[in-house]
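Peer 1: Take a look at this one; I'll ask things after.
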Amino acid sequence: MNIDNAIKVVLAILFFLCLADMPYGLYQFVRFAAMIGFTYLAYSANQQANKNEVFIYIALAILFQPIFKIALGRTIWNIVDVIVGIGLILSVFQNKDKN
């Protein structure tokens, strides 16, 4: 498993953990980890000249960044977490097929 796929799996697990009733500190950690992870994934996608992925990862880094929080409400954040988590897992399998 390459580093990109490892980051995607870890982020997906963190997003799915956010569906449970956890201490607020975990949500803050997930936002910070997501910002760092998506920034790295955007850099990696840029190195591979995959402009669509660069745009997606930058948008996700902005969405999850912890500095200027985007207040969506718990229900919408849960939906976002599930969609992004599933998308990350699917991208791991999609990348496996390409290799």
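Rule-based calculations on the coordinates, nothing more; no lab input. For clarity, every value in this text was computed on a predicted model and none was experimentally measured. Positions of Cβ are generated from backbone atoms using ideal geometry, with glycine treated the same way; all protein chains shown enter the neighbour counts.
Peer 1: Binning at 10 Å from 0, report for the stretch 43-99 what percent of all alpha-carbon pair distances ends up in each bin.
Peer 2: In whole percents, the pair-distance histogram is 20, 47, 27, 7.
Peer 1: Provide Rg and Dmax in Å for the chain, with only Cα atoms included in the calculation.
Peer 2: Computed over the Cα atoms of the chain, radius of gyration and Dmax are 13.2, 39 Å.
Peer 1: Now a separate question. Taking R0 as 25 Å, what FRET efficiency do you get between Gln28 and Ile86 from their Cβ-Cβ distance, rounded to the nearest 0.05? Mind showing how you got there, number by number?
Peer 2: Working: r = 23 Å, r/R0 = 0.92.
Result of the calculation: an efficiency of 0.65.
Peer 1: For a footprinting-style exposure proxy, rank Ile76, Ile36, Ile89, Ile67 by other Cβ within 10 Å, fewest first.
Peer 2: Ile67, Ile76, Ile36, Ile89
Peer 1: Taking the simple approach of a point 7 Å from Cα along Cα-to-Cβ for both Gln48 and Lys69, what is their distance in nm?
Peer 2: Between Gln48 and Lys69, the label points sit 3.3 nm apart.
Peer 1: OK, next. For the stretch 18-98, give the magnitude of the charge dipole about the Cα centre (Cβ charges: +1 Lys/Arg, -1 Asp/Glu; no others), in debye to the nearest 20.
Peer 2: 120 debye
Peer 1: Using a basic spin-label model with each label point 7 Å from the Cα along Cα→Cβ, how many nm lie between Ile3 and Asn78?
Peer 2: It is 3.6 nm.
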